[in-house]
Amino acid sequence: MTLPILSPRRPSRRAGLLATLALASGAVMAACGPGDASAVGVVVAIDPSATLEVSGFTLRTADGETLAFAVGPVELDSGAFPASHLREHLATSQPIAVAYRMEDGTRVAYRLVDAPWFTP
């Protein structure tokens with residue numbers, strides 16, 4: 001059996017994935033102001049679960065951390081989507097990137113965008 005020879009100049013799949021995640025996080029962070037932050041992950045819960053309005057959600061990051069967010073006024077420019085679209089991401093497990101501010105100890109999301117896939 002012959003093993004493929006990997007060129008040191010050819011980036012690995014993992015390196016490409018990490019670069020893509022860095023770009024997605026950078027794109028979200030570009031929208032952030034001083035004191036703002038961002039996170040990338042998979043939506044695992046939505047509040048409330050029975051209505052069309054979304055007042056909050058829980059995100060699981062690639063390192064397994066779960067982060068709870070309240071939803072504030074959401075920016076909808078440059079590929080961002082409304083909080084109601086989080087239901088689709090919950091159903092499909094497609095990751096999102098969220099920009100947020102800390103307000104009275106609560107993460108308040110203000111920008112939601114699609115993120116590249118990663119392994120949670």
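A few comments on the model shown:
- For the stretch 43-50, the criterion of being open to solvent by 50 Å² or more (accessible area, probe 1.4 Å), out of contact with any Phe, Trp or Tyr (no Cβ under 6 Å at 6 or more places or on another chain) and hydroxyl-bearing (Ser, Thr, Tyr) is met by at least one residue.
- Taking the criterion of being within 17 Å of SER93 (Cβ to Cβ) and open to solvent by 20 Å² or more (accessible area, probe 1.4 Å), the residues of the stretch 53-69 that qualify are THR58, ARG60, ALA62, ASP63, GLY64, GLU65, THR66.
The values are calculated or read from the model by the stated rules, or taken from the named source; none is laboratory data. Keep in mind it's a predicted model, so treat the numbers as computed, not measured. Backbone-built Cβ (ideal geometry, glycine too); neighbour counts: all protein chains shown. Only protein heavy atoms, including side chains, enter the accessible area calculation; ligands, DNA and RNA are left aside. Shrake-Rupley method; radii C 1.70, N 1.55, O 1.52, S 1.80 Å.
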